[in-house]
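The values are calculated or read from the model by the stated rules, or taken from the named source; none is laboratory data. These figures come from a predicted structure and were not determined experimentally. When we count neighbours, we look across all protein chains shown, and the Cβ atoms used for this are built from the backbone with ideal geometry, even at glycine. Note: areas computed on protein heavy atoms with side chains; ligands, DNA, RNA excluded. Shrake-Rupley method; radii C 1.70, N 1.55, O 1.52, S 1.80 Å.
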Amino acid sequence: MNFLQSLEISASGLYAQRRRMDVIASNLANIETTHTKKGGPYRRKMVVMSPKPVEDFNKALTLQAEGVKIDDIVEDKSPFRKAYNPSHPDADKNGYVLKPNVDLIVEITNMLMARRAFEANISAIKSTKQMALKALEIGR
């Protein structure tokens, strides 16, 4: 594996984790949204990632991945939360309002995991850069 491949793999990780943070931010921003264009409360979104397919047959035999890719952004199908608030405009006849299925603790945990993965990819890029510089020094 050459230095540029290492940088490309880490860059794909940076992109994936940044996109994941965007989705988490959207979930947090809509944690109290009870009415969307679709008519119901906001549904939590999740990023689905997978390894990038290996293009070279020899690498495929050794099961090497070449980074990560985002397959899709899907909606969480878990049930909405119910809250009793008869004065809310979206309340049903019994006074209950359907709230988004966004859990603050889950989103903060996912945000921390995305941040750590982002930092790990930055560290890998820095290490690759240092190794490339050392290799150039050896060649002098």
Q) Quick check: anything in the stretch 71-84 at pLDDT below 90, under 24 Å from the mean Cα position of the chain (by Cα), open to solvent by less than 70 Å² (accessible area, probe 1.4 Å) and not basic (Lys, Arg)? A) no
Q: Go through (1) more than 25 Å from Ala11 (Cβ to Cβ); (2) open to solvent by 80 Å² or more (accessible area, probe 1.4 Å); (3) within 27 Å of the chain's Cα centre (by Cα); (4) of a type outside the set (D, E, K, R) and name the single condition Met113 misses.
A: (1)
Q) Taking into account only those residues within the stretch 2-38 that are free of Cβ contacts under 8 Å to residues at least 40 places away in the same chain and part of a loop (DSSP other than H, G, I, E, B), which is surrounded by the most Cβ atoms within 10 Å (Cβ to Cβ)? A) Thr36
Q: Provide a single number: the residues in the stretch 128-140 that are out of contact with any Ser or Thr (no Cβ under 6 Å at 6 or more places or on another chain) and open to solvent by less than 60 Å² (accessible area, probe 1.4 Å).
A: 2
Q: Report the residue count in the stretch 42-68 for those that are at pLDDT 95 or above and in a loop (DSSP other than H, G, I, E, B).
A: 3
